[in-house]
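> Provided herewith is a single structure, encoded as structure tokens, for subsequent inquiry.
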Amino acid sequence: MKPRTLAWTAAATAATAALGGAATEPRSAWYLRLRKPDWQPPAAVFPVVWTALYADIAVTSAVALDRAAAIDSAAALDGSGSNDDLGAGPGAAGRRRELLSYQRALALNLVLNAAWSWFFWRSRKPWLAAAEAGLLTASSADLVRRTHRLDRAAGVSLAPYAAWCGFATVLSAAIARLNPPRKG
């Protein structure tokens with residue numbers, strides 16, 4: 001993996017963490033009053049898990065992006081223009097689309113990742129946050145699929161991120177269910 005690519009993905013994930021963190025208020029009176037499921041992990045678990053997952057996203061995405069770029073460069077050098085399993089179409093143009101598609105999927109995923117905190121903590125709308133977490137989970141599973149397609153080991157390494165997002169969706173929905181909106 002190239003240092004420049006890792007610097008880009010690390011900066012993107014750090015920005016995501018900072019944006020989400022800016023909205024997060026686990027000691028707010030509102031959050032402390034919420035009913036939570038018995039199986040919710042202790043508060044200390046979340047920053048540890050998210051730090052590891054953000055590092056994982058940065059590294060695995062850098063590996064995948066460099067792999068996609070290397071495939072694109074190799075195709076340009078050999079001029080094959082042949083169909084292969086990467087890319088939406090034949091040759092270098094399809095591989096270039098694959099690279100751009102991965103970049104867009106990663107950017108969307110990071111936006112969804114940061115947005116959850118704003119829906120839950122700032123908007124104080126647990127059902128909206130749960131729905132958004134479902135979108136994040138789908139996006140994360142798609143990112144794992146795309147990463148695996150480019151580099152199998154990186155895709156396997158990224159799988160815990162999608163699993164954790166699935167857990168976060170279930171937890172968000174449980175909190176929403178335990179705290180129905182007040183009428184009136």
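The values are calculated or read from the model by the stated rules, or taken from the named source; none is laboratory data. As the structure is a computational prediction, the values presented were derived from the model and not from experiment. Cβ atoms come from the backbone with ideal geometry, glycine included; neighbour counts cover every protein chain shown. Just so you know, the surface numbers come from the protein's heavy atoms only, side chains and all, with ligands and any DNA or RNA stripped out. Shrake-Rupley method; radii C 1.70, N 1.55, O 1.52, S 1.80 Å.
> For segment 142-151, enumerate the residues that are under 18 Å from Leu110 (Cα atoms) and either in a loop (DSSP other than H, G, I, E, B) or hydrophobic (A, V, I, L, M, F, W, C) (or both).
Passing the criteria: Leu143, Val144.
> Okay, next question. Just the residues that are in contact with a Pro (Cβ under 9 Å, 6 or more places away or on another chain) and either crowded, with 18+ Cβ neighbours inside 10 Å or not charged (D, E, K, R) (or both), please, taken from segment 113-143.
Taking segment 113-143 and keeping what is in contact with a Pro (Cβ under 9 Å, 6 or more places away or on another chain), we get 119-121, 125-127.
Of everything in segment 113-143, those that are in contact with a Pro (Cβ under 9 Å, 6 or more places away or on another chain) and either crowded, with 18+ Cβ neighbours inside 10 Å or not charged (D, E, K, R) (or both) turn out to be Phe119, Phe120, Trp121, Pro126, Trp127.
> For segment 126-154, name all the residues that are basic (Lys, Arg) and in contact (Cβ under 8 Å) with a residue 12 or more places away in the chain. It would help to see each step written out before you state the result.
First pass over segment 126-154, keeping only residues basic (Lys, Arg): 145-146, 149, 152.
If the condition is that a residue be basic (Lys, Arg) and in contact (Cβ under 8 Å) with a residue 12 or more places away in the chain, then Arg146, Arg149 are the ones that fit.
> So which residues in segment 88-105 are more than 20 Å from the chain's Cα centre (by Cα) and either under 15 Å from Val63 (Cα atoms) or at pLDDT 85 or above (or both)?
Across segment 88-105, the qualifying residue is only Arg97.
One line per residue, one yes/no per condition, for (1) within 24 Å of Thr9 (Cα to Cα); (2) part of a helix (DSSP H, G or I); (3) at pLDDT 95 or above:
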residue	(1), (2), (3)
Ala76	no, yes, no
Asn109	yes, yes, yes
Trp116	yes, yes, yes
Leu128	no, yes, yes
Ser140	yes, yes, yes
Ala153	yes, yes, yes
Ala159	yes, yes, yes
Ala162	yes, yes, yes
Ala174	no, yes, yes
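> Within segment 98-112, track down each residue that is open to solvent by less than 10 Å² (accessible area, probe 1.4 Å) and within 15 Å of Trp164 (Cα to Cα).
First pass over segment 98-112, keeping only residues open to solvent by less than 10 Å² (accessible area, probe 1.4 Å): 102, 106, 109.
Within segment 98-112, just Asn109 meets the criteria.
> I'd like the residue in segment 59-70 that is closer than 15 Å to Gly155 by Cβ and open to solvent by less than 50 Å² (accessible area, probe 1.4 Å) and, out of all such residues, is modelled with the lowest pLDDT.
So the residue we want is Ala68.
> Pull up segment 33-58, narrow it to residues that are in contact (Cβ under 8 Å) with a residue 40 or more places away in the chain and part of a helix (DSSP H, G or I), then point me to the one that is surrounded by the most Cβ atoms within 10 Å (Cβ to Cβ).
That would be Ile57.
> Please find, within segment 1-32, the residue that is surrounded by the most Cβ atoms within 10 Å (Cβ to Cβ) out of those that are in contact with a Phe, Trp or Tyr (Cβ under 6 Å, 6 or more places away or on another chain) and β-branched (Val, Ile, Thr).
Ranking the qualifying residues of segment 1-32, first place goes to Thr13.
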